[in-house]
Amino acid sequence: MSYLKLSQKFSELINVSNGLKLSDIKFRSFRSNSIRTIMAWETEKEKYLNMKAEEKQKNCISLEKIPTWKRLCESEKLPKPIMKMENCPIDNKLNGILSEKISIFEGDITKLAIDAIVNAANSRLQGGGGVDGAIHRAAGSCLRLEGATLAPCNTGDSKITGGYQLPAKYVIQTVGPQLARPEELNKNHFQLLENCYRNSLELLVAKKLKTIAFPCISTGIYSFPNLPAAHTAAYQARKFLEKEHPNVDRIIFCLFLQTDKDIYKGVLQSYFPVSG
Ligand code: ADP
């Protein structure tokens, strides 16, 4: 018998004599560590949910500071409209109402003091690069602990966690389709990206939350081409709002890159025309 096995046997004997096996002790200490970890993020989650956004972050941006799409169209010279994709019918009777439920925000999503921001997460929900890294850094380590209890999150699915130190109350984590190269884009990638937007919006309404901001899911490290991604985001938001607009105050597209700012200003004109 090796030294290690001998000493294990010895400890087991002592513990058995105390009425406990080594496996019981290991399990109990694992369980109490896990319980401590769960309590740590649950307590923090509650604490931050009860706090005002300005107490969490001084330079945050509230909804009132973000103009609606309608106001932006009236106050800014926009680029030429980009036509809708084929087979994307819209109900023009709702144009007036819906153009006040959409916004573009140019900047950092971690500054938004709204109900929920969406994270372009990976399936482990443990943080990564790009917007995912920025959200995890701003939220603090409890976001990772809570993520571990919900992972894995499949591509196209969405899960909700607390916002912790972020000015946003919640983070809706969604996993976008991953392409090796933009030229690989196929129907399945489109469907998965549609699922990301739709599932995140459904989660928002299911939780009785009213304001949400999306980054450009999958268009960074995951290589989904920017223009078709913007068409998908705009049409999913339009379809969702046509059904659910009384339950939603604002869907914000948070744009970080100049390319996306130009594309969205073109695309939104055809999915969210201001008048009928
Ligand atoms: P993915 O892995 O889904 O491709 P990325 O984080 O690489 O996600 O990129 C998604 C988009 O998020 C890109 O347009 C990127 O420029 C943008 N982005 C990066 N950081 C931020 C941020 N702090 N706020 C908003 N958008 C961001």
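The values are calculated or read from the model by the stated rules, or taken from the named source; none is laboratory data. Given the structure is predicted, the values throughout are model-derived calculations rather than measurements. Every residue, glycine among them, receives a Cβ derived from its backbone with ideal geometry; neighbour counts consider all protein chains shown. Side chains included, ligands, DNA and RNA excluded: accessible areas come from the protein's heavy atoms. Shrake-Rupley method; radii C 1.70, N 1.55, O 1.52, S 1.80 Å.
For segment 133-156, the tally of residues that are over 26 Å from A53 (Cα atoms) and either within 14 Å of the ligand (Cβ to nearest atom) or among the hydroxyl-bearing types (S, T, Y) (or both) stands at 3.
For residues that are over 15 Å from G96 (Cα atoms) and not hydrophobic (A, V, I, L, M, F, W, C), scanning just segment 250-259, find the one that is least open to solvent (accessible area, probe 1.4 Å). Only one residue fits best here, namely T259.
Of the candidates C60, C88, the single residue that is open to solvent by less than 70 Å² (accessible area, probe 1.4 Å), at pLDDT 95 or above and over 26 Å from F240 (Cα atoms) is C60.
Could you say which residue among S62, S123 is within 14 Å of the ligand (Cβ to nearest atom) and polar (S, T, N, Q)? After applying the criteria, what remains is S123. Is it the case that some residue within segment 238-249 is of a type outside the set (K, R), open to solvent by 30 Å² or more (accessible area, probe 1.4 Å), without any contact (Cβ under 8 Å) to a residue 12 or more places away in the chain and farther than 28 Å from Q57 by Cβ? Yes, there is a match, as at least one residue in segment 238-249 is of a type outside the set (K, R), open to solvent by 30 Å² or more (accessible area, probe 1.4 Å), without any contact (Cβ under 8 Å) to a residue 12 or more places away in the chain and farther than 28 Å from Q57 by Cβ. In segment 86-125, which residues are among the β-branched types (V, I, T), under 18 Å from S275 (Cβ atoms) and assigned to a loop (DSSP other than H, G, I, E, B)? Within segment 86-125, I90 is the sole residue that qualifies. E202 fulfils the conditions (1) more than 13 Å from the ligand (Cβ to nearest atom); (2) assigned to a helix (DSSP H, G or I); (3) out of contact with any strand residue (DSSP E or B) (no Cβ under 9 Å at 6 or more places or on another chain) except for a single criterion, (3). Only one of the numbered conditions (1) open to solvent by 30 Å² or more (accessible area, probe 1.4 Å); (2) farther than 26 Å from D91 by Cβ is not met by N195, and that is (2). Pick from segment 219-266 the residues that are under 17 Å from K84 (Cα atoms) and of a type in the set (V, I, T): which of them is nearest to the ligand (Cβ to nearest atom)? Among them, the one singled out is I263. Scanning segment 167-180 for residues that are in a loop (DSSP other than H, G, I, E, B) and either within 11 Å of the ligand (Cβ to nearest atom) or open to solvent by 10 Å² or more (accessible area, probe 1.4 Å) (or both) gives K169, G176, P177, Q178, L179, A180. Within segment 126-149, the set of residues being in a loop (DSSP other than H, G, I, E, B) and open to solvent by 30 Å² or more (accessible area, probe 1.4 Å) comprises Q126, G128, G129, S141. Residues that are open to solvent by 30 Å² or more (accessible area, probe 1.4 Å) and either under 21 Å from the mean Cα position of the chain (by Cα) or basic (K, R) (or both) within segment 260-276 comprise just one, K261. Taking segment 200-225 as the range and being open to solvent by 40 Å² or more (accessible area, probe 1.4 Å) and in contact with a Ser or Thr (Cβ under 9 Å, 6 or more places away or on another chain) as the test, only E202 passes. The residue that is nearest to T232 (Cα to Cα), counting only those in segment 59-85 that are in a loop (DSSP other than H, G, I, E, B) and within 22 Å of the chain's Cα centre (by Cα), is T68.
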